[in-house]
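Read through the structure below, which is laid out as structure tokens, and then see the notes.
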Amino acid sequence: MIIAVDGPVAAGKGTLARRLAAALDYGYLDTGSIYRAVAARILAGGGDPEDHDLAAQTAENLQPGDLERDDLRREAVGQAASKVAANQAVREALLAFQRRFAVQPPGGKTGAVLDGRDIGTVVCPDAHVKLFLTASMEARARRRHKELLERGEESIYARVLQDLRERDARDSGRETAPLKAAEDALRLDTSEMDADQVFAAAIAEITKRQRP
Ligand code: DC
């Protein structure tokens, strides 16, 4: 069983995907962290995330340990990840790893939940269940702002809103695998929903798809 969870920044993908994986005892892959790992390595080396060849090389040489870096959740890394993710050579280099995880999740699990931008459209177009989460720009900015403050990071709401706008535009406007809902995805607008409601809606969809 493969479950794809796609959507823009701070729509609640990570929270839902982690919860589904725990409830169903499936493997979980946060595919954004792979793009973040490429970006973090480039920034740490003083490189430019928009340097095409450097980004491609970094993606090709990515090590499992890079996914454990403690700077992956930083806002600067998220912005750089969105730049790196527009590079087709980077996306190709990271595709096989994601597909392998989906088909053969580690630990012999019987299913996998992947969250990202292009899981239902490109990485796993045959996923059994596809969920596409959205929320208004303001709802997402509020959530991200709160999350940053809770993590002890400095955050200015207006700046968070601006960063979201830029990342949305880049992630949706790029030529390769842009952020968009698969035609057969269930769309959930989470602006007015809490995590429990989103989880319940996802479980209802999974149950429906499991019926013969
Ligand atoms: O979900 P996130 O914020 O951790 O993702 C960081 C960036 O990586 C995001 O701006 C776009 C890119 N990304 C992508 O292009 N495709 C994915 N499947 C996941 C993330």
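Please state, as a whole number in µm²/s, the translational diffusion coefficient that the Stokes-Einstein equation yields for the stretch 126-203 at 4 °C and 1.567 mPa s, with Rh defined as the Kirkwood radius across alpha carbon pairs. Value of D from the Cα-based Kirkwood radius: 91 µm²/s. Here the Karplus relation 6.51 cos²θ - 1.76 cosθ + 1.60, evaluated at θ = phi - 60°, turns the backbone of the stretch 50-58 into coupling constants of 8, 6, 4, 6, 4, 5, 4, 4, 5 Hz, with x for every Gly and Pro. Shape class of the chain from the alpha-carbon gyration tensor: oblate, with a/c at 1.5 or above and b/c at least as large as a/b. Each peptide in 123-133, 1-11 receives the mean, over its residues, of other Cβ atoms within 10 Å, and ordering these scores from highest gives 1-11, 123-133. A crude spin-label estimate for the pair Asp51 and Arg73, with each label 7 Å from Cα along the Cβ direction, gives 2.9 nm. For the stretch 124-135, putting each phi into the Karplus relation 6.51 cos²θ - 1.76 cosθ + 1.60 with θ = phi - 60° gives couplings of 9, x, 9, 3, 6, 10, 10, 10, 10, 8, 10, 6 Hz, in residue order, rounded to whole numbers and with x for Gly and Pro. A simple spin-label model places pseudo-atoms 7 Å from Cα toward Cβ; at Met1 and Ala96 they are separated by 3.0 nm.
Annotated for the stretch 1-153: lysine pairs at least 8 residues apart or interchain, Cα distance under 21 Å, count 5.
We did not get these values from a lab; they are worked out from the coordinates using the rules stated. Treat the numbers as computed from the prediction; the structure is a model and nothing was measured. Ideal geometry is used to build each Cβ from the backbone, glycine not excepted, and the neighbour counts take in all protein chains shown.
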